Amino acid sequence: MIHTPPDDPSTESKILSDRERVYIERYTKQMRKKQRASEPIWHTAGRWIEGINRRAIYRFFRLIFQNDELTSRLDPSKVQGVFVIPFGGAIGDMLVAIPLFHAIKRHLPHCKVGTFVTERNKSLLRTDPNVDEVFAVRDKRSFKNIREIIRARRSGYDVVINMHIHGMTEYGLIANAISPRGTKVSWTHARGKLYRTLFNKLIPYDRDSMQEAQMGLLMLESIISMERPIEQWETRPSVVISEDTRKSVTKKIRDTLNGLGASWYIHFNLQARNPQREWGLDNVVNFTKRFVEYYAYGAIFFSASPIMRLSIEKRIEELALPRAIFFPTSFDLHEVAVLTGNSKLVITPDTAITHLASASHRPVIVLHPSVPNLSLEWTALQVPSFNLAPSSPEMSASAIPVDEVWEAMCRLMEQEWSSTSTTIGLNPEADVLFQQSNETESLTSLIDRSHVPRVFEKDRKVSVAPSTVQVS
């Protein structure tokens with residue numbers, strides 16, 4: 001769901017400084033280059049050395065940190081501040097954290113909410129009243145983060161929810177720095193027994209047991225006694241968009257459609273952080289030609305990050321296809337949210353746009369490189385969707401046939417498929433845990449009915465189905 005608050009005249013028109021824009025441009029280019037290259041040997045060696053020393057390090061941690069295991073849920077009246085550590089600093093990482101911010105304010109209206117933001121995702125929260133304090137950080141190893149962690153500590157948060165599964169040691173230390181005597185909770189890991197030293201509670205579910213927004217709300221409910229259970233509808237992202245942005249982008253969309261002689265459009269996002277996920281220009285051209293011939297009044301609005309705009313916009317213009325245009329957006333992510341929300345359907349290789357489609361209640365086709373199993377933590381939630389990937393191993397998303405994307409689109413446009421898919425392909429499974437039809441059911445009851453969740457049994461390195469083990 002996307003809300004529009006009253007316009008705030010004090011809101012700065014310039015979302016990011018020039019320095020921040022340069023940083024995002026450099027970061028994007030580095031990440032795209034990194035995805036093409038093999039991992040440097042010193043990274044692998046570093047993890048190997050860390051593995052050897054991990055147990056010794058944690059023996060030392062046990063002497064420092066006194067994180068007693070949480071055996072009963074907290075009294076909500078005694079929880080005055082909750083700090084949320086998102087999965088990371090990307091746009092999608094913030095989108096799946098938003099349901100947690102909103103749920104805290106909905107169930108604990110007296111409670112202060114704080115979180116980390118980065119240059120890449122901070123504009124998502126710029127008009128969201130559900131977040132009281134934001135703390136600007138960069139990469140997790142930046143020394144500049146220390147100042148913000150100290151500032152968060154001084155704000156007096158008594159609960160820290162860690163949604164970050166990678167670097168459990170680092171983020172466990174950050175959680176303890178923010179709230180030394182507070183309650184720290186995270187999800188578990190094959191080394192859960194070790195990481196419990198840094199947290200008061202680890203919920204037993206494997207990271208790929210459910211969508212990450214669901215995992216965040218499950219962590220909240222596992223440590224605080226609520227008056228009513230958290231329901232499925234609360235797990236969907238809800239972006240709060242400023243009225244001025246909504247009006248200006250909506251007008252631009254309407255004017256563009258009129259200029260093209262179209263009455264509606266689909267939003268086709270062309271770019272992903274990982275180039276292996278991108279579909280390729282030849283596929284896009286063939287798909288677009290078929291689209292404009294089949295739909296006389298439909299248009300395609302292509303999009304990409306501002307960093308990639310010039311090169312992609314030029315290529316789209318050179319194609320000179322009718323009712324197909326590049327629709328530019330700025331660093332204000334609210335513009336992309338409005339573009340997605342006004343579309344009839346979304347096609348994307350990027351998970352951030354997937355989450356915006358969920359927030360906008362728009363059907364979505366997500367393009368993946370060859371994967372053995374769908375990563376459920378990033379999938380669409382409570383909207384009609386297909387996940388497509390090549391059938392052959394180790395192939396990029398460009399190997400997905402145009403016919404498959406076309407069939408998926410037609411089935412969604414004609415509402416022949418109305419479920420959120422939880423596997424790859426045109427005949428996917430639709431697990432109960434992801435469906436809008438179950439939006440008024442409690443999250444915990446859906447988890448009990450789902451066949452997706454997996455838990456870590458005590459002293460086991462491999463997660464198993466909950467039915468095979470007693471879950472506390």
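The values are calculated or read from the model by the stated rules, or taken from the named source; none is laboratory data. Predicted model, so just to flag it, every value in this text is computed and none were measured. Here the Cβ positions follow ideal geometry from the backbone for every residue, glycine too, while neighbour counts run over all protein chains shown. Keep in mind that these areas ignore ligands, DNA and RNA; they rest on the heavy atoms of the full protein, side chains included. Shrake-Rupley method; radii C 1.70, N 1.55, O 1.52, S 1.80 Å.
Scanning the stretch 126-148 for residues that are modelled with pLDDT of 95 or more, open to solvent by 30 Å² or more (accessible area, probe 1.4 Å) and under 16 Å from Pro86 (Cα atoms) returns Asn130, Asp132, Glu133, Val134. Checking each residue in the stretch 157-188 for being surrounded by fewer than 19 Cβ atoms within 10 Å (Cβ to Cβ) and modelled with pLDDT under 90 picks out His166, Gly167, Thr169, Glu170. Listed by first and then second residue, the pairs with beta-carbon distance under 8 Å, at least 6 apart or on different chains, first residue in the stretch 329-348 and more than 13 Å from Asn121 (Cα to Cα) and polar (S, T, N, Q), second open to solvent by 10 Å² or more (accessible area, probe 1.4 Å) and in a loop (DSSP other than H, G, I, E, B), are Thr340/Arg362; Ser343/Arg362. Name the residue that is surrounded by the fewest Cβ atoms within 10 Å (Cβ to Cβ), counting only residues in the stretch 189-206 that are of a type in the set (D, E, K, R) and assigned to a loop (DSSP other than H, G, I, E, B). So, considering only residues that are of a type in the set (D, E, K, R) and assigned to a loop (DSSP other than H, G, I, E, B), the one surrounded by the fewest Cβ atoms within 10 Å (Cβ to Cβ) is Arg191. Among the residues making up the stretch 425-455, those that are at pLDDT below 95, part of a loop (DSSP other than H, G, I, E, B) and open to solvent by 40 Å² or more (accessible area, probe 1.4 Å) are His451, Arg454. Do we have any residue at all in the stretch 266-277 that's among the aromatic types (Phe, Trp, Tyr), in contact (Cβ under 8 Å) with a residue 40 or more places away in the chain and open to solvent by 50 Å² or more (accessible area, probe 1.4 Å)? Taking every residue of the stretch 266-277 in turn, none turns out to be among the aromatic types (Phe, Trp, Tyr), in contact (Cβ under 8 Å) with a residue 40 or more places away in the chain and open to solvent by 50 Å² or more (accessible area, probe 1.4 Å).
Residue-level check: of (1) out of contact with any Leu (no Cβ under 9 Å at 6 or more places or on another chain); (2) farther than 29 Å from Glu119 by Cβ; (3) not hydroxyl-bearing (Ser, Thr, Tyr), Pro229 misses just (1).
Considering each residue of the stretch 28-50 in turn, none proves to be modelled with pLDDT of 75 or more and open to solvent by less than 70 Å² (accessible area, probe 1.4 Å).
Applying the set (1) open to solvent by 30 Å² or more (accessible area, probe 1.4 Å); (2) polar (S, T, N, Q); (3) more than 23 Å from Asn258 (Cβ to Cβ) to Ser330 leaves exactly one unmet item: (3). Taking the residues in the stretch 258-317 that are out of contact with any helix residue (DSSP H, G or I) (no Cβ under 6 Å at 6 or more places or on another chain), of a type in the set (Gly, Ala, Ser) and in a loop (DSSP other than H, G, I, E, B) as candidates, determine which candidate is nearest to Asp350 (Cα to Cα). Among them, the one singled out is Ala272.
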